[in-house]
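A quick write-up on the structure given underneath.
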Amino acid sequence: RGSRQDKDREVRSVCPYCGVGCQLTFNIRDEKIAWVDGAPGPANENRLCVKGRFGFDYIGHPHRLTAPLVRRDDAPPKGLNVDPADPMTHFREASWDEALDRAAGGLAGLRDRHGGRAVAGFGSAKCSNEEAYLFQKLIRSGFGHNNVDHCTRLCHASSVAALMENVGSGAVTAGFNEIENADVAIVIGANPTENHPVAATYFKQFAKRGGTLIVMDPRGQGLRRHAEHMLQFRPGSDVALLNAIMHVIVSEGLHDRQYIDAYTENFDAFRTHLDGFPPEKMADLCGIDAEEIRAVARAFAGARAGMIFWGMGVSQHVHGTDNSRCLISLALLCGHVGRPGTGLHPLRGQNNVQGASDAGLIPMFLPDYQSVEQAELRAPFDTLWGGANVAPERGLTVVEIMDAIHDGDIRGMYILGENPAMSDPDVDHARAALARLDHLVVQDIFLTETANYADVILPAAAWPEKTGTVTNTNRQVQMGRPAVAPPGQARPDWEITAALAKRLGLDWACDHPRDVFAEMKQGMASLDNITWDRLEAEGVVTYPTEGPDDPGRSIVFGDGFPRAGGRARFTPAEVTPPAEVPDARFPMILITGRQLEHWHTGSMTRRTAVLDALEPEANAALHPRTLRRLGVEAGGRLRIETRRGAIEIMARADRAVAEDTVFVPFAYVEAAANILTNPALDPFGKIPEFKYAACAVTPAD
Ligand code: SF4
């Protein structure tokens, strides 16, 4: 960190890590990012966490891809066998023209021989809105189907499914900063001090000011010491717990009858459904005392203004959509939507997962969640995209695409910025699928695990090297600006996708992200009154916004919901067990997730000096008593096995983890947690059950 004299210039932009969307200032010296300061954005008010403060030297790492690569004719068979420091054993450098010709030619050849459905695409929630939009447009108009998805399928797809179904919109109903106006807040299945650290500072301040914080999670966590109620419930028992809370609210007459009558539907059937969930009956299943369930119900229903925040502990289950349905019903029951200090807020993971989803990077929706199955919603895009003829069927999702490769239905992929060779459940199955592909194009900043399997690798600019907009968890559209130039021949993703499109015969007129944004506005009503010029001048606008001078609405749905009839819906949820439960062979429960210092598959943060120094080694967290029972010391080695595979990993003692549970972060390739995870899917959101697998833990040999 330096002073004003130590820098040549400064650039205002947005953090590339989590969905909080902190604004920051890059301080540039000698054309390098010398240090980073927090900036006064609406989501962070100058605050940054350790990743936003110290997480940028990855852009200068020697592993950066600086030239296009194509697979050598004499390369060894495809596998996870490329050294990112020396990829020339498997690849050779190519000119941009040769690489793009090969990339497009391979995909077009599969399309022409086997039909467009033989090709699928994964875009990225780490790219800009404009890049996400162009990517889905390329797959839809270049290959004639909707087999395009991204990592929202692995994080909040089930939350979005429940919100779309019951509220009519997949985004938050209120920004997280609205907690300032609440008197009670629930945080469930989320660990904000690690995963949304700046948002967590607002939650802590709320508690310090006297707000009632209720934390519910199978793991203890940083927020618990600020919580008035900490419900460490049994993994997978979310629906039972939430139904029991709602049973108390209704049976004690604490629900908001006026609100329910005015703004909701299906309450009578829902009330009858809740009869089956008295807290005394659910207490054993949840591992929570009935009186504590009653206390929480009374606190939330009695609040003047209450908010609910949730994370992937809620969404990453085979019953993830049911979990979210319960949270929506809980808020509706108490009238805690649409007013200051109230709202439903799934804390979005990636910095632009909201924006990428809004831009249509999902197989069932065009931009702005317009269903591909409705002809009247497809037609404007057919026109906008020059006679694209968008397919009328939903495409396949992330895990389904891997299965379709094994079935021989998908033969080629274009993967931009995603790393399914690390991020997919049952990752050995995903890696085998990638190895089977006839043609794989990977566009990234590093030679990721996924790029190991590529035929063509296209080097991309990193976020601090390009221009574009991103949308955070609060629905705030923010402008990102380039701080430094990309290394070597690396190019911005939008430019590479546009060059590929041209070779696929698509006639796109875009010379700058500004042009793409202007086109997006033609198909996305959510961007009404938001212009590129406005974002350049103001830095941020929240959607929806009422006019060119309106900064946008943090709180929505105070006057009804965007559903037929204007009413939100109560959808009953029954208890569904996890897809596999502990037994004699696999007696423990595996939960996976993130750590404060590392981001997702680690491709950026493990190449960042400060962050890697803080957390250099793969580790599994277990309760000290569990470690004693296993005869393993903290720092010793463990073997963790599930029905999919096994890893060896360092043991860490952590009293926050229940005694029958082990927590493993998924950032480490040398002990990849996703070798273990279960690919069973939630039937609505198609999200895998990352938060529950039966496992055996033993001392490593
Ligand atoms: Fe970046 Fe999220 Fe940290 Fe803010 S809280 S600095 S957006 S990682």
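The values are calculated or read from the model by the stated rules, or taken from the named source; none is laboratory data. For clarity, every value in this text was computed on a predicted model and none was experimentally measured. For neighbour counting, all protein chains shown are included, and Cβ atoms are generated from backbone atoms with ideal geometry for every residue, glycine included.
Consider the range 11-65 and keep the residues that are more than 7 Å from the ligand (Cβ to nearest atom) and β-branched (Val, Ile, Thr). The one that is surrounded by the most Cβ atoms within 10 Å (Cβ to Cβ) is 14. Of 399, 442, 477, all but one fail to be at pLDDT below 95 and buried (at least 23 other Cβ atoms within 10 Å of the Cβ); the exception is 399. Beta carbons closer than 7 Å, at least 6 apart along the sequence or on distinct chains, pair a first residue in the range 40-59 that is over 30 Å from residue 553 (Cβ atoms) and modelled with pLDDT of 95 or more with a second that is in a loop (DSSP other than H, G, I, E, B) and of a type in the set (Asp, Glu) for 50/597. For the range 120-144, taking the residues that are part of a loop (DSSP other than H, G, I, E, B) and buried (at least 24 other Cβ atoms within 10 Å of the Cβ), the one that is nearest to the chain's Cα centre (by Cα) is identified as 125. When the range 272-295 is filtered for residues that are of a type in the set (A, V, I, L, M) and surrounded by 24 or more Cβ atoms within 10 Å (Cβ to Cβ), the ones remaining, listed by number, are 282, 288, 293.
Residues of the range 571-587 that are in contact (Cβ under 8 Å) with a residue 24 or more places away in the chain and exposed (fewer than 15 other Cβ atoms within 10 Å of the Cβ): 574, 577, 581, 583, 585, 587.
Being in contact (Cβ under 8 Å) with a residue 60 or more places away in the chain and aromatic (Phe, Trp, Tyr) is a description that applies to residue 309.
Criterion applied to 174, 190 was being within 24 Å of the chain's Cα centre (by Cα), assigned to a loop (DSSP other than H, G, I, E, B) and within 19 Å of residue 245 (Cβ to Cβ), and the one residue passing it is 190. Any residue at all in the range 286-299 that is within 20 Å of residue 555 (Cα to Cα) and either aliphatic (A, V, I, L, M) or at pLDDT 95 or above (or both)? No, the conditions are met nowhere in the range 286-299. Hey, any hits in the range 67-84 for a residue that's within 16 Å of the ligand (Cβ to nearest atom) and of a type in the set (A, V, I, L, M)? Within the range 67-84, not a single residue is within 16 Å of the ligand (Cβ to nearest atom) and of a type in the set (A, V, I, L, M).
The conditions of being crowded, with 24+ Cβ neighbours inside 10 Å, at pLDDT 95 or above and touching a His at 6+ places or on another chain (Cβ under 6 Å) are met by residue 306. Checked against the criterion of being touching an Asp or Glu at 6+ places or on another chain (Cβ under 7 Å) and part of a loop (DSSP other than H, G, I, E, B), the candidates 486, 544, 548 yield just one match: 486.
Within the range 346-365, residues that are farther than 20 Å from residue 521 by Cα and without any contact (Cβ under 8 Å) to a residue 40 or more places away in the chain reach no partner that is of a type outside the set (S, T, N, Q) and surrounded by fewer than 24 Cβ atoms within 10 Å (Cβ to Cβ) with beta carbons closer than 7 Å at six or more positions or on different chains. Looking across 680, 694, one residue alone is in contact with a Leu (Cβ under 8 Å, 6 or more places away or on another chain) and either of a type in the set (Gly, Ala, Ser) or not in a loop (DSSP other than H, G, I, E, B) (or both). It is 694.
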